[in-house]
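The values are calculated or read from the model by the stated rules, or taken from the named source; none is laboratory data. Everything quoted here is computed from the prediction, not taken from an experiment. Heads up, the Cβs are rebuilt from the backbone with ideal geometry, glycines too, and the neighbour counts pull from every protein chain shown.
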């Protein structure tokens, strides 16, 4: 775990360039096997509802870092949208977008909102997806003290249902390489998709 390309090359008796190529090819192969959004929605159609959340995968700061800075998380990273089933099992993870992209914009760009609406699958999401429309349900807007008792009750119920999506996010981030990415941002989507494939394979 965490071996450098030089260490892998020495261990397998090949050159560093060859080790890099093998790892890159393996990642691309695994990424190609990851489920698509259509696959996830098809599985979801048999569920009562889905859970949607956005998460930030931290990256090292780069020269052109402004697009990658998340004001919400106060750090640089890549925005990944995560879909889970009602009990928090990871079903799908989106391609990675720069961290400055807000969750609702990311969900729209990936076609998540339209896909769920077309399939008629209800989806619980957080306030970052407020205004998404379709079948996406977000908490009532406003400060807690300004909400009516009915709205507060709705938000409490919503939070209990949506909380299980954190298990899916944690499952994704349990893979150490996603906790602090030090590679080119152009490779992150492939890494996320490869991890998704491995997670789904290992979890049966």
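Of the residues that make up segment 41-51, is at least one in a strand (DSSP E or B) and either at pLDDT below 95 or under 18 Å from residue 124 (Cα atoms) (or both)? Walk me through it before giving the result.
Let us first name the residues in segment 41-51 that are in a strand (DSSP E or B), namely 50-51.
Those still in the list that are either at pLDDT below 95 or under 18 Å from residue 124 (Cα atoms) (or both) too: 50-51.
Yes, segment 41-51 has at least one match.
Tell me whether segment 105-114 contains one or more residues that are within 18 Å of residue 52 (Cβ to Cβ), at pLDDT below 95 and touching a strand residue (DSSP E or B) at 6+ places or on another chain (Cβ under 7 Å).
Filtering segment 105-114 for residues within 18 Å of residue 52 (Cβ to Cβ) gives 105-114.
Pick out the ones that are also at pLDDT below 95 and you get none.
No, segment 105-114 has no match at all.
Residues 107, 117: which one is within 18 Å of the chain's Cα centre (by Cα), part of a helix (DSSP H, G or I) and either surrounded by fewer than 15 Cβ atoms within 10 Å (Cβ to Cβ) or not assigned by TED's automatic domain parsing to the domain that holds residue 3 (or both)?
Numbers: 117 fails: within 18 Å of the chain's Cα centre (by Cα).
Residue meeting the stated conditions: 107.
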Report task. Name the residue, out of 131, 150, that is free of Cβ contacts under 8 Å to residues at least 40 places away in the same chain, at positive phi and surrounded by fewer than 12 Cβ atoms within 10 Å (Cβ to Cβ). Result -> 131
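Select, from 107, 100, 93, the only residue that is free of Cβ contacts under 8 Å to residues at least 40 places away in the same chain and closer than 20 Å to residue 188 by Cα. Steps first, please.
Details: 107 fails: free of Cβ contacts under 8 Å to residues at least 40 places away in the same chain; 93 fails: free of Cβ contacts under 8 Å to residues at least 40 places away in the same chain.
Exactly one residue qualifies, and that residue is 100.
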Report summary line: Of the residues in segment 153-176, those that are free of Cβ contacts under 8 Å to residues at least 24 places away in the same chain and over 13 Å from the mean Cα position of the chain (by Cα) number 8
